[in-house]
Amino acid sequence: MAVKTISSPFGSLTRTRVLLALWFLTDSYPRELARILEVPLSTVQKALVSLELDGLVAGRSVGRTRQFRLDPRYFARDALQQYLVRLAEPEGALRQRAAKLRRRPRRTGKPL
């Protein structure tokens with residue numbers, strides 16, 4: 001069962017998918033999320049701003065980049081994570097794209 005496009009539990013399909021991607025990745029930044037979700041960067045940025053205002057995600061600055069993750073101080077974090085586990089079941093493609101993502105720098109001199 002995929003997340004329905006008519007209605008979404010978090011207000012919009014993009015907001016829901018951003019939460020799922022953050023749950024898969026632990027933390028991320030808007031451009032990476034846009035690439036994984038295959039949506040425009042501005043759409044992801046708007047979703048992150050509204051999720052941050054709602055208290056579901058927390059952002060922090062790392063250099064010139066703003067990184068986001070599920071807010072560890074959210075009052076219903078455990079319930080949210082259990083719900084995201086259920087919502088993630090049909091999102092196999094999103095899970096695969098997140099798993100393929102390289103999360104550390106390549107060793108100097110290592111061939112591609």
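The values are calculated or read from the model by the stated rules, or taken from the named source; none is laboratory data. Note that this is a predicted model, so its numbers are computed, not measured. All Cβ positions, glycine included, derive from the backbone under ideal geometry; neighbour counts span all protein chains shown. Just so you know, the surface numbers come from the protein's heavy atoms only, side chains and all, with ligands and any DNA or RNA stripped out. Shrake-Rupley method; radii C 1.70, N 1.55, O 1.52, S 1.80 Å.
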Requested in this report: Return the only residue of Ser61, Ser50 being open to solvent by 40 Å² or more (accessible area, probe 1.4 Å) and hydroxyl-bearing (Ser, Thr, Tyr).
Outcome: Ser61
Report task. Would you point out which residue out of Leu41, Leu56, Leu80 is touching a helix residue (DSSP H, G or I) at 6+ places or on another chain (Cβ under 7 Å), under 18 Å from Trp23 (Cα atoms) and open to solvent by less than 80 Å² (accessible area, probe 1.4 Å)? Result -> Leu56
**Report entry** Residue that is farthest from Gln82 (Cα to Cα) [pool: residues in segment 6-38 that are open to solvent by 40 Å² or more (accessible area, probe 1.4 Å) and in contact with a Ser or Thr (Cβ under 8 Å, 6 or more places away or on another chain)]
**Finding:** Tyr29
Query - Residue, most open to solvent (accessible area, probe 1.4 Å), within segment 84-112, restricted to residues that are modelled with pLDDT under 75 and closer than 17 Å to Ser28 by Cβ - result: Arg104
